[in-house]
Amino acid sequence: MLKLILIGLSFLFGLLSIRKLRQYDVHEAEPFWMMAAVTIWGGLMSVIISLFLYQVLESQGVSIHDGIPFSYFFVGFIEELGKLMALFFCWPIIRKEMDEPTDGLIYMACVALGFSLIENYFYAAATPMSSPLIAIRLVICTPMHIAFSMVMGLAFFWATKFRGGWFVLLASYVVAGLYHTLYDIAVSYWFLLPGLYLILKGAYSWMRQMLGYTTAQSPFRTTLSEFVHGFQSSEIQPGLQCLDCNNAAPKPTFEKGRISLQKCESCGAYVCTLKSLKHLIRHYGSVFGSLKKELRKGKGGKHNLRIKIKGVRINKRQKAATFDLSTFNDALEELNRDVIQKTEKKWWCVWKCAPD
């Protein structure tokens with residue numbers, strides 16, 4: 001009974017993960033049902049392909065078992081190949097939806113999520129004391145499967161859009177396979193656990209960087225100024241207190257999804273909550289990660305986010321921010337340029353070789 005509950009929680013975790021992934025697709029969110037379909041179909045196909053490849057190797061006398069170090073090279077490359085091939089099987093249903101770079105990341109992440117959830121089920125069925133194992137796999141293994149594979153999703157998008165992009169896809173597969181192999185080795189030997197921390201930290205940083213890069217490159221991205229000046233009609237709503245002039249009267253409100261900001265008609269500044277400020281930075285500045293922690297910092301070096309978002313005054317006690325639209329807009333555009341430049345200098349940014 002407990003095992004069934006854990007498996008049910010695993011699939012619930014999957015649905016919540018799809019919802020979370022969809023929130024990262026800030027400019028043109030993919031249909032939830034499409035993401036769920038890719039998670040199920042892509043996950044199933046990736047497992048079938050991986051099992052088939054394992055059988056082929058076994059038939060050739062290649063032994064793949066825990067505790068045999070060389071086996072981990074087979075495991076990492078087989079499972080990443082299974083996920084990549086599964087994405088090709090999903091191509092007929094996602095072809096019309098693949099219209100921005102982030103879509104490659106999102107759909108590859110869905111395939112990896114489906115693979116991990118099915119793998120969790122097999123572990124639960126085969127392991128008598130599965131409760132701790134499934135909990136660990138949900139917290140660590142599932143996000144890692146997603147992080148390893150996302151680079152292939154971006155390369156897949158490039159390969160389907162540009163001539164000569166297939167070399168980029170091959171290179172991304174090698175990178176994903178090596179990263180997966182290092183992870184498998186680190187979790188298999190207790191004396192390598194410090195290395196596991198570095199792998200986990202690097203994987204999450206890698207994932208955030210790719211999300212920021214593809215968001216900055218989206219053809220659907222607009223500037224904050226374009227959003228405000230192009231707003232059809234702003235509704236007057238109860239006002240936040242302006243940090244510049246203390247005006248708390250009702251104000252014209254500009255809303256888009258989880259973004260909400262108001263214009264102070266007394267001094268011309270714009271006001272929003274800190275929560276909305278984080279969404280503004282993510283949506284228009286293409287910055288992902290723990291923005292809450294970054295925004296808490298008072299002073300810092302030139303790379304500190306509080307220093308970079310020029311034109312913004314923050315009051316942590318009131319949980320509000322006030323900014324000059326033009327100055328803040330320029331700062332967000334600079335963040336976008338920084339994300340693109342920094343990402344294309346990374347060693348794993350294999351798609352920088354893609355043709356224009």
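One table, with the values for the structure above:
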quantity: Förster radius 56 Å - calculated FRET efficiency between residue 267 and residue 57, Cβ distance, rounded to 0.05; calculated: 0.20
quantity: Solvent-accessible area of residue 276 with every protein chain in place, 1.4 Å probe, in Å² to the nearest 10; calculated: 10 Å²
quantity: Area accessible to solvent at residue 221, 1.4 Å probe radius, in Å²; calculated: 60 Å²
quantity: The stretch 224-285: C-alpha pair distances exceeding 20 Å, %; calculated: 21 percent
quantity: Distance (nanometres) between label positions extended 7 Å along Cα→Cβ at residue 12 and residue 190; calculated: 3.4 nm
quantity: Candidate residues 185, 93: accessible-area rank, largest first, probe 1.4 Å; calculated: 93, 185
quantity: The stretch 220-260, Cα convex hull volume normalised per residue, Å³; calculated: 96 Å³
quantity: Accessible surface, 1.4 Å probe, highest first, among residues 156, 52; calculated: 52, 156
quantity: Zone of residue 123's modelled label, taken as backbone nitrogen in the stretch 182-209 under 16 Å from a point 7 Å along Cα→Cβ; calculated: 182-190, 196-197, 200
quantity: nm² value of the averaged projected area, convex hull over the Cα atoms of the stretch 11-119; calculated: 7.4 nm²
quantity: Length gained when the stretch residue 327-residue 170 is fully extended (0.36 nm per residue, less Cα-Cα span); calculated: 52.3 nm
quantity: Interchain or long-range residues, amide H under 5 Å from residue 269's placed H; calculated: 264
quantity: With DNA, RNA and ligands ignored, accessible area of residue 182 (1.4 Å probe; Å², nearest 10); calculated: 100 Å²
quantity: Two-site FRET efficiency, residue 20 against residue 275, from Cβ-Cβ distance with R₀ of 25 Å, rounded to 0.05; calculated: 0.95
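The values are calculated or read from the model by the stated rules, or taken from the named source; none is laboratory data. Because the structure is predicted, anything quoted here is derived from the model rather than measured. Here Cβ is always computed from backbone atoms with ideal geometry, including for glycine, and neighbour counts include all displayed protein chains. Note: areas computed on protein heavy atoms with side chains; ligands, DNA, RNA excluded. Shrake-Rupley method; radii C 1.70, N 1.55, O 1.52, S 1.80 Å.
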